[in-house]
Amino acid sequence: MRSLTPLDRLQALLCLILLTAVTAYGASREKAQPLLLSEVLASVQTQYPPYLAALIEQDIANGRVRQAQGAFDLNLTAGGNLTLAGYYDGHTGYAMLEQPLPFWGGSIYGGYRLSSGYLPNYNKDRTGSDGESILGFSIPLLRGGTIDSRRANLWKAQIDQELADPLIRRQYLDFVRAASVSYYNWLAAGQRLALHESLLQLAKDRDSAIAEQVSKGASAPIVQVDNQRLVVSREIALVQAQRRFEAASIELSLFYRTASQAEPILAKRDRLPKSFPAHEKLDDNKLTSDIAKAAIFRPEMRRMELLIEKSLVDLKLAKNNMLPQLNAGIEAGQFMGENRPKDLEHNEIQAKIEFKLPLQRREAQGSIAATEALLQRLEQDRKFARDRIAADVRDSYSAVAATEGILMQTRRNMELSRQLEAAEQERLKEGATDLLALQIREQAAFDAQVLEVEAQAEYFRALANYKAAVAADLPPSVNRGSK
């Protein structure tokens, strides 16, 4: 067997390149897959800008929780006193760390204090030459014990963190419904466009036959003129149908986007499915259970529950503010080194207590009254939200049932119109009728087909509303917690 020459290798390489190009071209010529609603909804969940913007609400809520947690940060305090003129020439300095506690409103603190110069015996800041270490804690026994403004703000921020979830879910349901309606409008516009093309082609095909009859003297020239007028009018209607399809494609592109850059995709005619999806038969016996399920899973109910919970925090804080302020604490000091004043012990422990009571307490009373009124309003809002959800489910179910009945009637109307059209065509062939009668039958059959397409679209739009009413397309929970 002879070895391959450089020319043979070049020819083989050219053949390989040509085969690859032909294969790629053939693959590119493959028919595009029909665009399904599931593909559009997947794009909404991952690429739709308003939904991605809604998800940011969770990050905002997480940031507010972290902001509220800042009230419990470890605090460093440093300062001092310097006597500029007077009998005593002493001066002091201190550095303290204080840690607020997340329970019972208390705090612990510790630090170092140092004084120098001459200070009076009653001065609490007086220390030895090596200073004094301090450790203590304080705790409110009444007001500020079970709750205070710091913990209330943190708890409300955590509730707001949970509130982000039903807000996002509500918007997602609306986006899914809008995307579904846009998809079915696009599908219906594509089918109407195909019907207009078929209707126009009928007139064009008939024009050549009429022209032959006119040339033979079998038909009057005016018959051909009438058919040509019909062609022009149907061409105008076709342009209008093309414009409606393009408008529907543009509307759909707001929801249907590329996976990489989230750029709108204009769905072409080659992606149109051949027909609408199969109908989903609704069970009359499930209406009651669907209403109960919607009352549980609709985001509005969870939102109302969280708003009530948030107001209860405010009410608890307002009632706590009615109590007297009674703070207790213990502070221990240890003098460092041996060089200390003789009247000071090496270790000292002090117990502290303070009582304070605003006699009128109008701020707390007003806050209680306002919060209780707000809770009453929220209870009424929750009751009405439940009633509105039940009404939404019933109304959307009624719409699905009605459109399903209309669809059955439009299909029957379409079948009868087609039978009349076919019969009129036979009569024309036999010379028992004229072109005008056939045109009327053709238009009636066309109108019946358009009505059937509209009924299909209306049915699926009603079904999208029903699914939104029963919260059938909820995404997984988006509550990611505080970061």
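What's the exposure ranking of Trp186, Trp155, going from fewest to most Cβ atoms within 10 Å?
Ranked by crowding around the Cβ, least crowded first: Trp155, Trp186.
What FRET efficiency would be calculated for the residue pair Gln409, Gln213, taking the C-beta separation as r and a Förster radius of 60 Å, to the nearest 0.05?
For R0 = 60 Å, the calculated efficiency reads 0.95.
Once you have the Cα-Cα distance between Thr288 and Ala95, take 0.36 nm times their residue separation minus that, and quote the gain in nm to one decimal.
That works out to 62.7 nm of additional length.
Mind pulling the angle between the C-alpha long axis of helix 49-69 and the longest principal axis of the chain? Nearest 10 degrees, somewhere in 0 to 90.
Long axis of 49-69 versus the principal axis of the chain: about 10 degrees.
With the Cα gyration tensor of the range 269-310 giving a ≥ b ≥ c as the square roots of its eigenvalues, does the rule (a/c under 1.5 for rounded; else a/b larger than b/c for prolate; else oblate) give rounded, prolate or oblate?
oblate
Can you list residues whose amide H is under 5 Å from Asn81's amide H, if they're 5+ apart or on another chain and H is modeled 1.01 Å from N?
Thr92, Gly93
With the Cα gyration tensor of the chain in hand, give its eigenvalues times 5 under a square root as the equivalent ellipsoid semi-axes, listed largest first in whole angstrom.
Output for the chain: semi-axes of 83, 35, 17 Å.
Please report the antiparallel percentage of the DSSP beta bridges confined to the chain, to the nearest 5.
Looking only at bridges with both residues in the chain, the antiparallel portion is about 100 percent.
Given H placed on each backbone N at 1.01 Å, which residues far from Gly106 in sequence or on other chains put an amide H within less than 5 Å of it?
Residues meeting the criterion, in which the H sits 1.01 Å from N, are Leu101.
Can you put Phe255, Phe175 in order, fewest other beta carbons within 10 Å first?
Arranged by neighbour count, lowest to highest, Phe255, Phe175 become Phe175, Phe255.
Using θ = phi - 60° and the Karplus relation 6.51 cos²θ - 1.76 cosθ + 1.60, list the HN-Hα couplings for the range 269-282 in order, rounded to whole Hz, with x at every Gly or Pro.
5, 5, 9, 5, x, 5, 7, 6, x, 5, 6, 9, 6, 7
Could you tell me how many degrees, from 0 to 90 and to the nearest 10, lie between the Cα long axis of helix 299-320 and the main elongation axis, the longest principal axis, of the Cα atoms of the chain?
Taking Cα atoms only, the helix is inclined about 10 degrees.
Angle check, please: helix 6-28 long axis (alpha carbons) against the longest principal axis of the chain (alpha carbons), in degrees 0 to 90, nearest 10.
Taking Cα atoms only, the helix is inclined about 90 degrees.
Convex hull volume of the Cα atoms in the range 309-402, per residue, in Å³?
Output value, Cα hull per residue: 155 Å³.
Using θ = phi - 60° and the Karplus relation 6.51 cos²θ - 1.76 cosθ + 1.60, list the HN-Hα couplings for the range 91-103 in order, rounded to whole Hz, with x at every Gly or Pro.
With the stated coefficients, the range 91-103 comes to 8, 10, x, 8, 9, 10, 10, 10, 10, x, 9, x, 10 Hz.
Got the relative contact order for the chain handy, in percent, Cα pairs under 8 Å and 6 or more residues apart?
21 percent
State to the nearest 20 debye the size of the charge dipole of the chain about its Cα centre, where the only charges are +1 on K and R beta carbons and -1 on D and E beta carbons.
160 debye
Given Cβ point charges of +1 (Lys, Arg) and -1 (Asp, Glu) and nothing else, what value in debye, to the nearest 20, does the dipole of the range 359-483 about its Cα centre take?
Charge dipole, the range 359-483, about its Cα centre: 1140 debye, nearest 20.
Setting aside same-chain residues fewer than 8 positions from Lys274, which lysines have a Cα under 22 Å from its Cα?
Lys31
Express in whole angstrom the spacing between the alpha-carbon centres of the range 300-322 and the range 402-456.
Cα centres, the range 300-322 to the range 402-456: 64 Å.
If R₀ is 25 angstrom, what is the calculated FRET efficiency for the pair Asp174 and Asp59, using the beta carbon separation as r and rounding to 0.05?
0.75
Using θ = phi - 60° and the Karplus form 6.51 cos²θ - 1.76 cosθ + 1.60, what ³J(HN,Hα) does each residue of the range 405-422 get, whole Hz, x for Gly and Pro?
For the range 405-422, the Karplus-derived couplings read x, 4, 4, 4, 5, 5, 5, 5, 4, 5, 4, 5, 5, 5, 4, 5, 5, 5 Hz, x marking Gly and Pro.
7 Å from Cα along Cα→Cβ at both Tyr112 and Gln69: what's the point-to-point distance in nm?
Each label point is offset 7 Å from its Cα along the Cβ direction, giving 3.1 nm.
Taken together, the values in this text are just the output of simple stated rules run on the coordinates, not laboratory data. Just so you know, these numbers come straight off a predicted model, no measurement behind them. Backbone-built Cβ (ideal geometry, glycine too); neighbour counts: all protein chains shown.
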